[in-house]
Amino acid sequence: MSTIEIPAVDSEVTVEWINALSKSQIPPGPEVSVFKGKVVKPYKWLSDREFCITGDNQMSVRVINMKSVRSIVLHSGSTQKINTDAKVFTVNGSKGDVYTVTSNSQGWTCTCKGFEFRKTCKHIAELGKQITTK
């Protein structure tokens, strides 16, 4: 079982975040951004590798994805260990498209448009049936 540590709610942090899209932005943005804030309760649709911090006038809450984090400085508070073991499935759609369905500690996700809008889809339902009948 693999784990990562993320800051717990109410912790004060400074995060160095790598901007992967910096060169494609017009005008080009910084390659690394620094955000300072208080960790707040995450949105329910976030993955287990994401957390939220208070923002600024441009963005009241920032979603931080751990895969883009260069460093985190914990000024106060604590960290929590998150189980990062995820099960990933490839599912063929009814019209020939291929989707990725993921199950982790936060629940299920799918890369299809239906999941994007409804947070559930037939791919997850069908895969869930297959898993429970085995």
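Here are the numbers:
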{"item": "Spacing of the two label points (7 Å from each Cα toward its C-beta) at VAL32 and LYS95, in nm", "result": "4.4 nm"}
{"item": "Between helix 122-132 and the chain: long-axis angle, C-alpha atoms, 0 to 90°, nearest 10", "result": "70 degrees"}
{"item": "Estimated vicinal HN-Hα couplings, Hz - region 47-55 in sequence order (Karplus 6.51, -1.76, 1.60; Gly, Pro = x)", "result": "7, 6, 9, 10, 9, 10, 10, 5, x"}
{"item": "Aspartates and glutamates whose Cα lies under 18 Å from that of LYS119, excluding same-chain neighbours fewer than 8 positions away", "result": "ASP48, GLU50"}
{"item": "Distance (nanometres) between label positions extended 7 Å along Cα→Cβ at HIS75 and ARG118", "result": "4.4 nm"}
{"item": "Ratio of Rg to Rh over region 87-132 (Cα coordinates, Kirkwood Rh, two decimals)", "result": "0.92"}
{"item": "Semi-axis lengths, Å, region 3-83, gyration tensor of Cα atoms, sqrt of 5 times eigenvalues", "result": "22, 14, 12"}
{"item": "Dipole of the chain [Lys/Arg +1, Asp/Glu -1 at C-beta], most positive-end residue of VAL61, SER33, ASN83", "result": "ASN83"}
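Read-outs: derived from the displayed coordinates by stated rules, not from any lab. Source: prediction; values computed, not measured. Neighbour counts are summed over all protein chains in view; Cβ atoms, including those assigned to glycine, are modelled from backbone coordinates with ideal geometry.
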